[in-house]
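Novice: Below: one structure in structure tokens.
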Amino acid sequence: ASRDEARKNGVGIMLDKSVRRALMHWNPVSDRLITCRLRTRGRNVTCIQCYAPTEVSEMEDKITFYSQLQKTLNKIPRGDIVIIMGDM
């Protein structure tokens, strides 16, 4: 989106200071998806924060969102605990 374009969507992840130390990396996939990967004692955890298009959204927007979500899920390392959260 250009600077002059209105932005309608947005996602973010807030972490407590104690959790931030476990942050391995984060990835802003789109204005509707962001991920973060956390190191834990047992297994790493990947969190995906979502803001899905509403029912009245254009079909193209829905297809794009769910395609990006699937691609994001496919990139998560095997063995990670996956948490999908947000406005679905």
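The values are calculated or read from the model by the stated rules, or taken from the named source; none is laboratory data. The shown structure was predicted, so the numbers you read here are calculated from the model rather than taken from an experiment. Every residue, glycine among them, receives a Cβ derived from its backbone with ideal geometry; neighbour counts consider all protein chains shown. In case anyone asks, the SASA skips ligands and DNA or RNA and just uses the protein heavy atoms, side chains included. Shrake-Rupley method; radii C 1.70, N 1.55, O 1.52, S 1.80 Å.
Novice: Among the residues of region 50-76, count how many are open to solvent by less than 40 Å² (accessible area, probe 1.4 Å) and assigned to a strand (DSSP E or B). Spell out how you get there, then give the answer.
Specialist: Taking region 50-76 and keeping what is open to solvent by less than 40 Å² (accessible area, probe 1.4 Å), we get 50, 52-53, 57, 62, 65, 69, 72, 76.
Pick out the ones that are also assigned to a strand (DSSP E or B) and you get 50.
Adding up the residues that qualify gives 1.
Novice: Something else: Being of a type outside the set (A, V, I, L, M) and closer than 17 Å to VAL11 by Cα is the filter; apply it to region 38-49 and report the residue that is most open to solvent (accessible area, probe 1.4 Å).
Specialist: GLN49
Novice: Further question on the same structure: Mind counting the residues in region 41-70 that are more than 15 Å from ASP87 (Cα to Cα) and in contact with a strand residue (DSSP E or B) (Cβ under 8 Å, 6 or more places away or on another chain)?
Specialist: 5
Novice: Which residue, of GLY79, GLY42, is outside any strand (DSSP E or B), small (Gly, Ala, Ser) and without any contact (Cβ under 8 Å) to a residue 12 or more places away in the chain? Spell out the reasoning first.
Specialist: On the way: GLY79 fails: without any contact (Cβ under 8 Å) to a residue 12 or more places away in the chain.
Matching residue, one of GLY79, GLY42: GLY42.
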